[in-house]
1. If HIS42 satisfies every condition in (1) touching a Phe, Trp or Tyr at 6+ places or on another chain (Cβ under 8 Å); (2) more than 23 Å from PRO175 (Cα to Cα); (3) not acidic (Asp, Glu) but one, which is the exception?
2. Within region 43-91, restricting attention to residues that are touching a Ser or Thr at 6+ places or on another chain (Cβ under 9 Å) and of a type in the set (Gly, Ala, Ser), which residue is surrounded by the fewest Cβ atoms within 10 Å (Cβ to Cβ)?
3. Tally the residues that are outside any helix (DSSP H, G or I), surrounded by fewer than 17 Cβ atoms within 10 Å (Cβ to Cβ) and on the phi < 0 side of the Ramachandran plot, restricting the search to region 92-115.
4. Inside region 116-165, can you point out the residues that are touching a residue at least 60 places away in the same chain (Cβ under 8 Å), open to solvent by 50 Å² or more (accessible area, probe 1.4 Å) and either touching a helix residue (DSSP H, G or I) at 6+ places or on another chain (Cβ under 6 Å) or in a helix (DSSP H, G or I) (or both)?
5. Under 22 Å from PRO98 (Cα atoms), at pLDDT below 90 and either open to solvent by 10 Å² or more (accessible area, probe 1.4 Å) or part of a helix (DSSP H, G or I) (or both): is that true of GLN25 in this structure?
6. Would a scan of region 47-55 turn up a residue that is under 17 Å from ALA110 (Cα atoms) and touching a residue at least 12 places away in the same chain (Cβ under 8 Å)?
Amino acid sequence: MATSQPYDAHEGAQPRDALETLELQDRLVVDLLDRWKAGTRHLSEQGDDVNTRWERGSEVKLLLQHLAVREEAKGRVRDALVDAGRDDLAARLEGDGPGRRADLDVLEEAARGLVAMNLNNPEVDRAVLRIDERVRPELLEESRLLRAVGEALGPVEDRGLPSDRNVRMHSVTHPSPEPRWFDKVGPLRAARAWYDHLRGSPHSGTSPKVDEAREYVPGPKHHGP
């Protein structure tokens, strides 16, 4: 089993706050979607293959958790923008938040209780494709938007944003499309996140070809700094 290590797929650096976490999760989410779609093409063109289905299902388990971390990071950065009087940027960053969280909820319900091999089914496929259709255009806009957000909030030490670890500790995979009162209570949200990530942990039947380091990025099971 891999030990917990700082992980950045592109830069080798551990994110320090919610904005850096969001930037990292954007890259990881699109990477996971690309890998899942490559597996889909392989199965369509080459026929059924057990290893491909195992790896493709493993990507779904990881995608669910990384989407949850991304959503939590977006919320924390959005709130900081509102506090800074930048409601315009906050609204652009939020986008269709209720629809995005509803899509995540649908995927969580479709994947709940299943090992990676069993995540190759029409219900899960529809949920992932729906997320892909929503997230890709958003990511194109976000790559430009986050530069403006960084300028508005200033350097890391002045942003007042929660740490990467704090974001992960509160990232729920079963979110409410519209935030409810208990979503604003930190300890309750952390408890929900712990339960969600424990229930959907990638460890259960995940392909050994999946980058194990990824398993330590989302959620409360991470024990790094």
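The values are calculated or read from the model by the stated rules, or taken from the named source; none is laboratory data. Note that this is a predicted model, so its numbers are computed, not measured. Cβ sites come from the backbone with ideal geometry, for glycine too, and all protein chains shown count toward neighbours. To get the accessible areas, we keep the full protein, side chains included, count just its heavy atoms, and leave off ligands, DNA and RNA. Shrake-Rupley method; radii C 1.70, N 1.55, O 1.52, S 1.80 Å.
1. (1)
2. Within region 43-91, the match that is surrounded by the fewest Cβ atoms within 10 Å (Cβ to Cβ) is GLY57.
3. Residues in region 92-115 being outside any helix (DSSP H, G or I), surrounded by fewer than 17 Cβ atoms within 10 Å (Cβ to Cβ) and on the phi < 0 side of the Ramachandran plot: 3 in total.
4. MET117, ASN118, ARG136, SER143, ARG165
5. No: the conditions fail for GLN25.
6. From region 47-55, those under 17 Å from ALA110 (Cα atoms) are 53-54; that's our starting set.
Then keep just the ones that are touching a residue at least 12 places away in the same chain (Cβ under 8 Å); that gives 53-54.
Looking for residues that are under 17 Å from ALA110 (Cα atoms) and touching a residue at least 12 places away in the same chain (Cβ under 8 Å), one finds at least one in region 47-55, hence yes.
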